[in-house]
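Take a look at the structure below.
The values are calculated or read from the model by the stated rules, or taken from the named source; none is laboratory data. Just so it is clear, the model here is predicted, and its values are computed rather than measured. Neighbour counts run over all protein chains shown; Cβ positions are idealised from the backbone, glycine included. Each accessible area value is taken on the protein alone, full model and side chains, heavy atoms only, with ligands, DNA and RNA left out. Shrake-Rupley method; radii C 1.70, N 1.55, O 1.52, S 1.80 Å.
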Amino acid sequence: MIRKALAPIAALAAVTSLFFSQGAHAESGWHLLNMRQGVTAISREIYSLHMLIFWVCVVIGIVVFSVMIWSIVTFRKSKGAVPDTTMVHNTKVEIIWTAIPVAILVAMAVPAAKTLVQIEDTRNTELTIKVTGFQWGWQYDYLENGVRFFSRLERKADAARQLGSGVDPNTIPNYLLDVDNPLVVPAGTKVRLLITAADVIHAWWVPDFGMKKDAIPGFVNEMWFNVDEDKTGIYRGQCTELCGRDHAFMPIVVDVRSKEDFQTWLKATAEAQKQAAAPQPAATAHAG
Amino acid sequence: MAQHAPAAAHAHDDHHDHKPHGWRRWVFATNHKDIGTMYLVFAGIMFFVGGLMAMVIRLELFKPGMQFVDPLLFNSMTTMHALFMIFGAVMPAWTGLANWQIPMQIGAPDMALPRLNNFSFWILPFASAILLLTLLVPGGGPAGGWTLYPPLALQTADAFPMTIFAIHLMGVSSILGSINVIVTIMNMRAPGLSLLRMPLFVWSWLITAYLLIAVMPVLAGAVTMLLTDHYFGTTFFTAAGGGDPVMYQHIFWFFGHPEVYILILPAFGVVSEIIPAFARKPIFGYEAMVYAIASIAFLSFIVWAHHMFTVGMPLAGQIFFMLSTMLIAIPTGVKVFNWSATMWKSSMTFEPPMLFALAFLFLFTIGGFSGLMLAIAPADFQYHDTYFVVAHFHYVLVPGAVFSILGAVYYWLPKWTSKMYDHKLAKVHFWLSAIFVNVLFFPQHFLGLAGMPRRIPDYATQFTDWNMVSSIGAFGFGLSQLLFPYIIWKCVRSGAPAPARAWEGAHGLEWELPSPLPYHTWETPPSAAVIARGAEH
Ligand SMILES: [Cu+2]
């Protein structure tokens, strides 16, 4: 409902964004100026709340700033303005400008609270993955399927990001946003993450999913997402709670696949991990 | 004026009264003006120390890749930049302004507790020195963020006890300073100057002082628990021993949220002094302004968890903290509307203090808007710990708190020195600051919304452009601040004499005092007529 009401405003915003991106290089665009809409129902809900409150601020800003600018331009001593020193108080006006913000806030609070209720509705999840943050990477554990692996910054980027490495980050695709083993999840599935940490606090965030949650040692936080059936692909994020020296270097990559592809991947990985774990006579096999 | 002729005649007494000279004047200072000056000079030095750290941060972030500093040093730069700016620059600057202004504005001879005043100042240089020296100890400075969240903070090496000791000292200093402010305001107002006739700067400081006394001990408790967790085997915040790392965050932000109002409430007071003076019109809604400050102060105690929406709070907790946070917009709005109404049908001139106050009005309001956006809990899941937050709090703290401090100094400097500074140069300082502060911080909104986390020394390449813009703004802003000490130095050295009422529209008891100021501010309380003239808001 909010989204429909915002359609004309969004169009205006798109035009504004075009204006802003003039002159910047090709990579720039709307997504580099504003929050992304994301690929889940919740992320779009959050996006429309964000746009709603943004436009509320813009409208209030236009009104308030216009009054200020009008005053600055008009009521100048150099223009012979004479101050009205009796104007020190006006109960009616003061009640109005207290009441209007109250009304706006109530109007904002209702949809925001509704979204919160949806976000916290963790019923009927279909797949549970335990996510453990550590200094500095992530461990993913498919609790029902026995698949588990570590996920760390991809090597080329890791070499390039060393102090004075001499490597131009622009030559590395997805610099700092690529990992060795991405988290793989099915689209169109309510995936539950149980988030915790092994050492210090981290936070798991993929902007396209709309949610971020702290990974806290000793706590298991719960968070879910459900990527649209047709939005398979790679989504990237980062740790968003300062966690020490390499906080900037523990990205999150989620590979969203169709349900069938996911099942195929899950079976193959489970099999491979079982084999790797089994005692082998000759060589000690270690994957990754 | 006539009744002050004797005070002016006394001025020559300065040379043979009990006023100490040389270094003793400063080390043993008990005079509120001398202590105020020391606070302000100290704050100025810390502003440049913290600013230098910001320059290191923006230099490293100028382009992707690690060029200049190790990530750990980068983290300690962000941590210490915050600690120095908050505890070293902004809070002492407010205390310095309180020291100078409160006795003058309430008709008192000095602060109520002059030796305590001396003590609370002299703690600060030691505290800051300890904090700064952490950069040299094994393991480097504190690097876990100024919030010192455990368990990360517990990984700090030798800097850890030093940081906590420094925070304790700074806390002691602000509590003592606050006690002094409260005692002075409550007991030393001139007869007839009732609370609701006090200037708004005094009001804002009275409320700030109560906030400080309420929350600094909470911070002290939190960091002491960190200390015992680290060295004495307690596990307040260590999950492995049955402790709770999130409890630290609750305790910290119970201090931390009122703390941000401690930084901004005196700014409200200053702006409420400057705008009426240059609009030549009394403040609109004086009582509403007082009540708005008081309600903001009260609300600041019940909103703390909006800093922690992502820790995994129950739904009811999230909704409560979202609503209470949104409520803050109401008294804050009242203040902005009242300032605007003060300018309506006024007669304005645009001297440097007024320029800073007007920039405050526009840019603080922008910071207020992003604050309102951050209050929306679901949206905060996206904003949290990104550059959007960095942009938000820098908008309220730099063009908010810092600009109003600069404005306050430009407003009262002619009173303090009885000389006028170079207006042209001060206007250059203003315009450079106002332009660069936006170049510096506005793009950070875009960076945050596009997904750049805060507190990272290196970033994905799509964030390059706006980081470059932001860094250029930072260098420009940093350099333009060098004008400020020069303008003051030049004013003290060779400023033209300023009249006792330095600004045509300035009201308040401080402008009723002769210039140069007598050594003891109001040796006899101002008469009812002077109060009536001075206290008309
Ligand atoms: Cu992390």
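So here's what we get for this one:
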item	result
Stretchable slack from A:ASP261 to A:VAL167, in nm (0.36 nm times residue separation minus alpha-carbon distance)	30.2 nm
Accessible-area ranking of B:SER174, A:SER78, largest first, probe 1.4 Å	A:SER78, B:SER174
Number of partner chain Cβ atoms within 10 Å, mean per residue of A:169-177	5
Cα coordinate range in chain B, projected on the principal axes (Å, largest first)	71, 50, 46
Rel. contact order, % - alpha carbon contacts under 8 angstrom, at least six apart, the range B:93-205	39
Protein-only accessible surface order, largest first, of B:TYR486, B:TYR411 at 1.4 Å	B:TYR486, B:TYR411
Amide H contacts of B:ALA502 (H built 1.01 Å from N, under 5 Å, at least 5 apart or other chain)	none
Calculated from backbone phi, Karplus (6.51, -1.76, 1.60) coupling profile of the range B:411-425 in Hz, x at Gly/Pro	6, 9, 3, x, 6, 5, 9, 6, 10, 9, 8, 6, 4, 4, 5
Gaussian network model of chain A, Cα within-10 Å springs - most flexible of A:VAL88, A:VAL106, A:VAL254	A:VAL88
C-alpha long axis of helix A:41-74 to longest principal axis of chain A, angle in °	30
Chain A, relative contact order in percent, only Cα pairs under 8 angstrom and at least six apart counted	18
Shielded residues, the range B:433-469 - accessible-area loss of 50 Å² or more between chain alone and all protein chains, probe 1.4 Å	B:PHE446, B:LEU449, B:ALA450, B:PRO453, B:ARG455, B:ASP458, B:THR461, B:GLN462, B:ASP465
Interface residues in the range B:314-352 - accessible area drops by 50 Å² or more relative to the isolated chain, probe 1.4 Å	B:LEU315, B:MET326, B:ILE330, B:PHE337, B:TRP344, B:LYS345, B:SER347, B:MET348, B:PHE350
Most mobile of A:ALA197, A:ALA270, A:ALA215 in a GNM of chain A (Cα contacts under 10 Å)	A:ALA270
Separation between Cα centres of the range B:348-383 and the range A:116-155, rounded to whole Å	38
Rounded accessible area of B:PHE442 (nearest 10 Å², 1.4 Å probe)	80
Förster radius 30 Å - calculated FRET efficiency between B:THR524 and B:TRP23, Cβ distance, rounded to 0.05	0.45
Prolate/oblate/rounded label for the range A:147-288 (Cα gyration tensor, a/c 1.5)	rounded
Extension reserve of the B:TRP489-B:ALA129 stretch, reckoned as 0.36 nm per residue once the Cα distance is removed	127.1 nm
Helix A:259-277 vs. chain A, principal-axis angle (Cα, 0 to 90°, nearest 10)	50
Filter on A:LYS231/A:LYS259; A:LYS190/A:LYS259; B:LYS345/B:LYS419; B:LYS345/B:LYS415 - keep pairs with C-alpha separation over 23 Å	B:LYS345/B:LYS419; B:LYS345/B:LYS415
Protein heavy-atom accessible area occluded, A/B pair - total, 1.4 Å probe, Å²	7900
Heavy atoms of B:ILE45: accessible area, 1.4 Å probe, square angstrom to 10	90
Per residue accessible area in Å² of the protein assembly as shown, where ligands, DNA and RNA are left out and the probe is 1.4 Å	38
Summed side-chain charge close to A:ASP230 - residues other than A:ASP230 whose Cβ falls under 15 Å, Lys, Arg +1, Asp, Glu -1	-1
Percent RCO, i.e. relative contact order, over chain B, from Cα pairs under 8 Å lying at least 6 residues apart	18
Accessible area of the protein assembly as shown belonging to carbon and sulfur atoms, whole % at 1.4 Å probe	68
Accessible area in the full protein assembly, largest first, 1.4 Å probe, for A:PHE150, B:PHE232	B:PHE232, A:PHE150
Rounded accessible area of B:LEU196 (nearest 10 Å², 1.4 Å probe)	70
